[in-house]
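Trainee: Shown below is the structure under consideration.
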Amino acid sequence: MSDFTNGGWSIYVAALTIVSLIACLVLLAVAARRRVTPGVNDNSTGHVWDEDLRELNNPLPRWWMGLFVITVLFSFAYLWLYPGLGSTAGSLQWTSTAQYEAEQARARAALAPLYARFAAMDEKQLAADAPAMGIGERLFINNCAACHGSDARGSKGFPNLTDTDWLWGGSLADIQKTIAEGRNGVMPPMAAVIGGGENVRNVAHYVLSLSGSPHDSVAAQLGRAQFTACAACHGPDGKGNPAIGAPNLTDKVWLHGWGEQAIAGIVNNGLNNQMPAHAGRLTPEQVKVLAAYVWRMSNGSP
Amino acid sequence: MSESAQPREEVIWLYEKQQKIYPRAVSGWFAGWRWALVWATQLVFYGLPWLEWNARQAVLFELASRRFYIFGLVLYPQDFIYLTALLLISAYALFLFTAVAGRLWCGYACPQTVYTEVFLWIERMAEGDRMKRLKLDAGPWSAEKLLRKGGKHAAWITLSLWTGFTFVGYFTPIKTLWAEAFTLDFGPWEWFWVLFYGLATYGNAGFLREQVCKYMCPYARFQSAMFDRDTLIVTYDAERGEPRGTRGRSTDLQAAKLGHCIDCHLCVQVCPTGIDIRQGLQYECIGCAACIDVCNGVMDKMHYPRGLIRYDTQNGLTQHLSRGAEWRRVLRPRVVVYSAILLLVSAALLASLALRTPFKVDVVRDRAALARLAEDGRIENVYRLQVMNASEAPQRFRVEVSGLPGVERVGSGEVEVGPAAARWVPVAVRIAPDAAARAGAGAHRVDFRITQLAAAGQAERQLDERSTFLIPR
């Protein structure tokens, strides 16, 4: 175990524990009787404090002491079965991780018949299935809402899942892949390629013009030539490429901020936006139900 | 320490072998009361889980789904405060009864007393009364002894298991449990609690009995703090009883210089804690009044007036107060204070239950994104409403926001929550850019009003919850 820097500490703690337990038994045996000079027929031990405070002897029943002994024996049995004595593992080899995994496995086995029904369904059937959408809602709240918001409409840097704009594709299979494996959208810094300074401003205005947003048309005209560097990913018409997560620049969805300043910043510095993989947290069946729930949000309720 | 006696050292044990107590059967007015309370409490305990209400078990504490059904009430863990009120009421009722009339709870209604009474009855049926039991225990093992002891334990174990089964029946639907019992198909926790509660009943009522009261029960000890000299206690009138001694029915007491106590020891024999009440108030006395019943019987036979052992106060005994004078002393400050608190808490509990809305709402702000810029520069905050339906019919709700000028909800969908279900409902709230500029950057109060959409002819009920709306700089 890595708890101790030196194996000797484990032996030290174990020895201390055992000595303490034995000391408990010794203390019980010693304290069960005492030598006193009793008073005369008054059931006292003869001890008097503060002039008239006498210590009486009202013995506890013997089974009560038996309870004390049982607690010590319980400790020995516990330390034999479970980890606790220094860094020994205990004869049951119990760990909290193994118990957690066993409980998870039991829960999955119990839920398997429920999810088996969803396996053969397509997204439309799942979207129309109330139990499936109930599960999807809870999965979303527990796993997705922290970033995408409880209402799934995202915020800056976290995509809105209720619109029809998809960075990585909006089919059920695409969404499943996004949830299970995660996505990593990389925009490299392009200032050097474009030529920096005024050129970046011109490209930014050209990008704004693609979606019909307010822009400086002269700058946009000048930036058109530089856009060929961007077209490798965003396409010559700026409509993006879901295969590599390049966003469509012709719509009015601005994930990382709108306006010349925001766009120029991204062109200058690049961007690296990550959606973490959930395959380790969710089973493939859960991912499918969750993907269907997300799919339904942008494709309208049935 | 006495100076005259020669000090002599000796070894004493602080633990001793417990003396077994063989209480003698008793009948009479107070024993009748105890049996009445045995029936009343146990009919409720054993019978309640079998009652039906709205096609479900009337009283059911569902731990897995955390819903607690008590007749028409559906309680959530959020209603824990009612349990607090119930515990306060129980505590002050105990204080009040104890201050007025001593350990009434211990003597008549405590489960330890009640089950001991029932187990003793079974013991008497199997082995006979005190003398027969003493003889049976002293005698050698025989077929008859085996049969009597075996029969007693069989009956005890059956009743204990039934008790454990009933206890679990408050947490698992008892009819399901009953079906499972035939195939021994309990779940692991059901097994544990049936057996554990059964074993506790068997051990406490069959073997530990008075030792629970003497050594384990904290209430037994701190009840003496509520006693004063005007508290009714089970007490022996020493002035009238002493000097004690045996005599014939026609003995002239004055000539023989005898009090009314004939020293028959019946009061000691019936005592479930094995004390002699004639030594005065003792901490072991649970106030069961068995000694009163049996002594009154003896007084009747001797043609002496009843009440040599009786409920009386210490002041009443020493100052020879009349019943009327004792009654007038009931209204002491502590009694008044206990009663006032008891009434107050009871009234608060009843009022709270009567005014309770059949739903609950918690508003929780989204934590990750504080605020976001939506189209046209509007600022949006997102909240999650935990809507809990505390009734057994589906409910529909309308959600409105107010509190900040220009604030409005995005969308206007109604919320439907199934019977006894709880649901997280995301609600986005937005404010127009000019209104946001007027309000200024920072945290602003915003109010949510959740209205239950009632059926025609019913009054709408609503809850108000507040939260915070953030406007970024």
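The values are calculated or read from the model by the stated rules, or taken from the named source; none is laboratory data. All values derive from a computational prediction rather than experimental measurement. All Cβ positions, even for glycine, are placed from backbone atoms using ideal geometry, and neighbour counts span all protein chains on display. Side chains are part of the model used for accessible areas, which takes the heavy atoms of the whole protein and leaves out ligands, DNA and RNA. Shrake-Rupley method; radii C 1.70, N 1.55, O 1.52, S 1.80 Å.
Trainee: Being free of Cβ contacts under 8 Å to residues at least 12 places away in the same chain, assigned to a helix (DSSP H, G or I) and more than 14 Å from every other protein chain (Cβ to nearest Cβ) narrows it down to one of B:Leu321, B:Leu317, B:Leu344, B:Leu353, so name that one. Full working, then the answer.
Mentor: Numbers: B:Leu321 fails: assigned to a helix (DSSP H, G or I); B:Leu317 fails: free of Cβ contacts under 8 Å to residues at least 12 places away in the same chain; B:Leu353 fails: free of Cβ contacts under 8 Å to residues at least 12 places away in the same chain.
Result: B:Leu344 is the single residue among B:Leu321, B:Leu317, B:Leu344, B:Leu353 that is free of Cβ contacts under 8 Å to residues at least 12 places away in the same chain, assigned to a helix (DSSP H, G or I) and more than 14 Å from every other protein chain (Cβ to nearest Cβ).
Trainee: Mind listing whichever residues of region B:183-232 are within 14 Å of B:Trp105 (Cβ to Cβ) and outside any helix (DSSP H, G or I)?
Mentor: If the condition is that a residue be within 14 Å of B:Trp105 (Cβ to Cβ) and outside any helix (DSSP H, G or I), then B:Cys217, B:Phe227, B:Thr231, B:Leu232 are the ones that fit.
For every residue, the table says whether it meets (1) at the interface with chain B (Cβ under 9 Å from one of its Cβ atoms); (2) of a type in the set (Lys, Arg); (3) without any contact (Cβ under 8 Å) to a residue 60 or more places away in the chain; (4) within 27 Å of A:Gln274 (Cα to Cα).
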residue	(1), (2), (3), (4)
A:Glu101	no, no, yes, no
A:Ala109	no, no, yes, no
A:Gln125	no, no, yes, no
A:Glu137	yes, no, no, yes
A:Asp151	yes, no, yes, yes
A:Leu161	no, no, no, yes
A:Thr164	no, no, no, yes
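Trainee: Quick check on this structure: which one of B:Arg367, B:Arg372 is buried (at least 20 other Cβ atoms within 10 Å of the Cβ), within 14 Å of chain A (Cβ to nearest Cβ) and without any contact (Cβ under 8 Å) to a residue 12 or more places away in the chain?
Mentor: Working: B:Arg367 fails: buried (at least 20 other Cβ atoms within 10 Å of the Cβ).
Exactly one of B:Arg367, B:Arg372 is buried (at least 20 other Cβ atoms within 10 Å of the Cβ), within 14 Å of chain A (Cβ to nearest Cβ) and without any contact (Cβ under 8 Å) to a residue 12 or more places away in the chain, namely B:Arg372.
Trainee: Quick check on A:Glu51: is it of a type in the set (D, E, K, R), open to solvent by less than 70 Å² (accessible area, probe 1.4 Å) and either on the phi < 0 side of the Ramachandran plot or without any contact (Cβ under 8 Å) to a residue 24 or more places away in the chain (or both)?
Mentor: Values: of a type in the set (D, E, K, R): yes; open to solvent by less than 70 Å² (accessible area, probe 1.4 Å): no; either on the phi < 0 side of the Ramachandran plot or without any contact (Cβ under 8 Å) to a residue 24 or more places away in the chain (or both): yes.
No, not satisfied.
Trainee: May I pose another question? Quick check on this structure: which one of B:Leu96, B:Leu83 is on the phi < 0 side of the Ramachandran plot, open to solvent by 50 Å² or more (accessible area, probe 1.4 Å) and either polar (S, T, N, Q) or not in a loop (DSSP other than H, G, I, E, B) (or both)?
Mentor: Of B:Leu96, B:Leu83, the one residue that is on the phi < 0 side of the Ramachandran plot, open to solvent by 50 Å² or more (accessible area, probe 1.4 Å) and either polar (S, T, N, Q) or not in a loop (DSSP other than H, G, I, E, B) (or both) is B:Leu83.
Trainee: Return the residue satisfying two criteria in turn: it lies in region B:37-66 and is of a type in the set (Phe, Trp, Tyr) and part of a strand (DSSP E or B), and of such residues it is most open to solvent (accessible area, probe 1.4 Å).
Mentor: First pass over region B:37-66, keeping only residues of a type in the set (Phe, Trp, Tyr): B:39, B:45-46, B:50, B:53, B:61.
Okay, now just the ones that are also part of a strand (DSSP E or B), so B:53, B:61.
Working: B:Trp53: 103, B:Phe61: 57 Å².
So the residue we want is B:Trp53.
Trainee: Anything in region A:174-184 that is open to solvent by 20 Å² or more (accessible area, probe 1.4 Å) and touching a residue at least 24 places away in the same chain (Cβ under 8 Å)? List them, or say none. Before you say what the answer is, go through the steps one by one.
Mentor: Let us first name the residues in region A:174-184 that are open to solvent by 20 Å² or more (accessible area, probe 1.4 Å), namely A:174, A:176-178, A:180-181, A:183-184.
Hits for region A:174-184 are A:Asp174, A:Gln176, A:Thr178, A:Ala180, A:Glu181, A:Arg183, A:Asn184.
Trainee: Restricting attention to region A:242-267, which residues are polar (S, T, N, Q) and surrounded by fewer than 16 Cβ atoms within 10 Å (Cβ to Cβ)?
Mentor: The first filter runs over region A:242-267 and keeps only residues polar (S, T, N, Q), leaving A:248, A:250, A:261.
The answer is A:Gln261, and nothing else.
Trainee: Looking at region B:378-394 only, could you name the residues that are open to solvent by 10 Å² or more (accessible area, probe 1.4 Å) and either more than 10 Å from chain A (Cβ to nearest Cβ) or not in a strand (DSSP E or B) (or both)?
Mentor: Across region B:378-394, the qualifying residues are B:Arg378, B:Ile379, B:Gln386, B:Ser391, B:Glu392, B:Ala393, B:Pro394.
Trainee: Here's another thing I want to ask about it. Of everything in region A:206-221, what is at pLDDT below 90 and open to solvent by 90 Å² or more (accessible area, probe 1.4 Å)? Give them in sequence order.
Mentor: Within region A:206-221, A:Pro214 is the sole residue that qualifies.
Trainee: Confirm whether B:Val118 is touching a helix residue (DSSP H, G or I) at 6+ places or on another chain (Cβ under 6 Å) and surrounded by 14 or more Cβ atoms within 10 Å (Cβ to Cβ).
Mentor: On the way: touching a helix residue (DSSP H, G or I) at 6+ places or on another chain (Cβ under 6 Å): no; surrounded by 14 or more Cβ atoms within 10 Å (Cβ to Cβ): yes.
Here the answer is no, as B:Val118 does not meet what is asked.
Trainee: What are the residues in region B:417-473 that are of a type in the set (Asp, Glu) and more than 20 Å from A:Ser150 (Cβ to Cβ), if any? Step through it out loud before you land on a result.
Mentor: Within region B:417-473, the first condition is being of a type in the set (Asp, Glu), and the residues that meet it are B:434, B:447, B:460, B:464-465.
B:Asp434, B:Glu460, B:Asp464, listed by residue number.
Trainee: Moving on to the next point. I'm told B:Thr183 meets every condition in (1) open to solvent by less than 20 Å² (accessible area, probe 1.4 Å); (2) out of contact with any helix residue (DSSP H, G or I) (no Cβ under 9 Å at 6 or more places or on another chain) except one. Can you identify the failing condition by its number?
Mentor: If we test B:Thr183 against (1) open to solvent by less than 20 Å² (accessible area, probe 1.4 Å); (2) out of contact with any helix residue (DSSP H, G or I) (no Cβ under 9 Å at 6 or more places or on another chain), just (1) comes out false.
Trainee: Just to be sure I understand the filter: pairs with C-beta atoms under 6 Å, separated by 6 or more residues or on different chains, first member in region B:415-443 and within 14 Å of chain A (Cβ to nearest Cβ), second member surrounded by 19 or more Cβ atoms within 10 Å (Cβ to Cβ) and in a loop (DSSP other than H, G, I, E, B). Which pairs pass?
Mentor: B:Pro426/A:Ser150; B:Pro426/A:Asp151; B:Ala428/A:Asp151
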